[in-house]
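The values are calculated or read from the model by the stated rules, or taken from the named source; none is laboratory data. This is a predicted model, so every value here is computed, not measured. Cβ coordinates were reconstructed from backbone atoms using ideal geometry, including for glycine residues, and neighbour counts include every protein chain displayed.
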């Protein structure tokens, strides 16, 4: 039985194994933090796209969720309950879209086949969700 | 400056101490012997007592930084000292003069620091364009090796390849490891997992050089210089529209007026002072009304700016603040490493909006957009580079809003042909050309 830590994500309390990544911990609480550059199967997180910005109690600056490992007692607010995190996420999306043609054939074909980018994100996640313990242990080792 | 005590440049008498005999007869290497006779923790305590804070721009207490490095028995890995000599902040040119004029005092500081954090490996990451500085350090290091002063410490001089971002400490470490120079996420901090994932102290050239002086004077004497919270002296790089540009070592807490007028000789050609950037291009601009502000950490924070790297840029009334914004923003756009979204996209966007304003193609919403893009960059980037651009541009609009408004109202630059940025920060195209010449020399 692995040691558990208690974290609060958007007012929902969840117990996850010590060493769990913040994005995975949120998912365990039923909250999806959108990610673009985070793909655990490709190696350690890089924190580059800034889509997963979240607010953490006690830290003044927004943090990239993908690069953090949750600590016991951590209070996390995602875009759903934090105006600051929402602003950060919207800014990132705006920066990405500002030079991106909205009639991009690649994006539209993806959204047509998967209905929406949101469900695409979830689908990508559930594909990797099964070996969660292995993923997190690899992350903490690095 | 005979009135002000010289700490960093002590004994140079305006020249350079590049011969080991001259440096030794001026009292050199006594601080190193003193440090080596002390337990490492006592050296760190001495530094903490001196109040010395980092000269690279963040002003972090040097002693505390070293105290964060775990002891070798706590973390049995090689420990490293990395000196950041990748000085590239526009308006800042102090470290090059330190390396040229007092190379031994700098290298002695490296050895004292190595003793304090108990490491045997020192890397000096020196800006690639600093050819002469590199040669002086190389020769000085060789002289110290022959004089058997290194005491088992390996000092490696590593030359950069012309990227501003490699002055950011984690990008510097990546570059030193042979990887692409892009910042890492923190934590872990370099003190715990820095170079080769081992405990690393990263310090600026001026900080390290001052360490030697702190050991020489003793913490108490050193702390008498400067003001509370900002002890000691500072090498100010004075540039722009000023009669006597150059590096001046002065105590913290002198006023901008003293620096610009008494030391720098004022604004040339009878022109009016318009603005001052107090700490390198990343810091908020001040207006002529702030001329009596003291140059220390607290006083500059109070007026909404920062002491940064102490690169003081004087701007006279010919300068168009929109053109200045373009020049600064182009620099950050050019130097953005492209890793994180807000900086990669935002710096370019800022330049585009500023160019639109300068060309007279902008309407009122463009000015709002400019400010909104700044807000969307601020605090969302992986490292301080993107923030620097946003802080600078925000301050230009904040302090000189009427000038930005005039561009929109007139549909052209109000200064047009009369504007001059000559001497105020070289255009980034010139940086690029120089770096190219060095790389292919």
**Item:** Identity of the residue in region B:176-201, within 24 Å of residue B:343 (Cα to Cα) and touching a strand residue (DSSP E or B) at 6+ places or on another chain (Cβ under 7 Å), that ends up surrounded by the most Cβ atoms within 10 Å (Cβ to Cβ)
**Value:** B:194
**Prompt:** In this structure, does residue A:96 turn out to be in contact with a helix residue (DSSP H, G or I) (Cβ under 8 Å, 6 or more places away or on another chain), within 10 Å of chain B (Cβ to nearest Cβ) and not in a loop (DSSP other than H, G, I, E, B)?
**Reply:** yes
**Message:** Condition (residue is surrounded by 14 or more Cβ atoms within 10 Å (Cβ to Cβ), within 14 Å of chain A (Cβ to nearest Cβ) and either within 25 Å of residue B:91 (Cα to Cα) or out of contact with any strand residue (DSSP E or B) (no Cβ under 8 Å at 6 or more places or on another chain) (or both)) applied to region B:426-437: is it met by at least one residue?
**Reply:** no
**Request:** Evaluate the following for residue B:297: is it touching a strand residue (DSSP E or B) at 6+ places or on another chain (Cβ under 9 Å) and not assigned by TED's automatic domain parsing to the domain that holds residue B:86?
**Result:** yes
**Request:** Any residue in region B:361-379 that's touching a residue at least 24 places away in the same chain (Cβ under 8 Å) and in the same structural domain as residue B:344 (by TED's automatic domain parsing): show its pairings with residues that are in a loop (DSSP other than H, G, I, E, B) and buried (at least 17 other Cβ atoms within 10 Å of the Cβ) at Cβ separation under 9 Å, as long as the two are six or more apart or on different chains.
**Result:** B:370/B:362
**Prompt:** Quick one: is residue A:88 within 14 Å of chain B (Cβ to nearest Cβ), part of a loop (DSSP other than H, G, I, E, B) and crowded, with 16+ Cβ neighbours inside 10 Å?
**Reply:** no
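Okay, residues lined up against (1) in the same structural domain as residue B:93 (by TED's automatic domain parsing); (2) part of a helix (DSSP H, G or I); (3) on the phi > 0 side of the Ramachandran plot:
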| residue | (1), (2), (3) |
| --- | --- |
| B:269 | no, yes, yes |
| B:274 | no, no, no |
| B:344 | no, yes, no |
| B:352 | no, yes, no |
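Specify which of the listed residues (A:44, A:17, A:40, A:2) is more than 27 Å from residue B:170 (Cβ to Cβ) and at pLDDT below 95.
A:2
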**Item:** Among the candidates B:423, B:411, residue that is buried (at least 17 other Cβ atoms within 10 Å of the Cβ) and on the phi > 0 side of the Ramachandran plot
**Value:** B:423
**Request:** Working only within region A:1-20, note down all residues that are in contact with a helix residue (DSSP H, G or I) (Cβ under 6 Å, 6 or more places away or on another chain) and either within 14 Å of another protein chain (Cβ to nearest Cβ) or assigned to a loop (DSSP other than H, G, I, E, B) (or both).
**Result:** A:19, A:20
**Asked** Which ranges mark the helices (runs of 4 or more DSSP H) fully within region B:96-202 that have 2 or more residues being closer than 30 Å to residue B:22 by Cβ and touching a residue at least 40 places away in the same chain (Cβ under 8 Å)?
**Response** B:103-116, B:131-146
**Message:** Filter region A:21-45 down to the residues that are touching a strand residue (DSSP E or B) at 6+ places or on another chain (Cβ under 9 Å) and part of a loop (DSSP other than H, G, I, E, B) and list them by number.
**Reply:** A:29, A:30, A:31, A:33, A:38, A:45
**Request:** Would you check which residues across region B:190-246 are in the same structural domain as residue B:301 (by TED's automatic domain parsing) and under 20 Å from residue B:103 (Cβ atoms) and list them?
**Result:** B:233, B:234, B:235, B:237, B:246
**Message:** If the requirement is being surrounded by 24 or more Cβ atoms within 10 Å (Cβ to Cβ) and either within 13 Å of chain A (Cβ to nearest Cβ) or at pLDDT 95 or above (or both), which of these qualifies: B:378, B:371, B:354?
**Reply:** B:354
**Prompt:** Taking region A:27-49 as the search range and keeping residues that are within 13 Å of chain B (Cβ to nearest Cβ) and under 19 Å from residue B:181 (Cα atoms), which one is surrounded by the fewest Cβ atoms within 10 Å (Cβ to Cβ)?
**Reply:** A:44
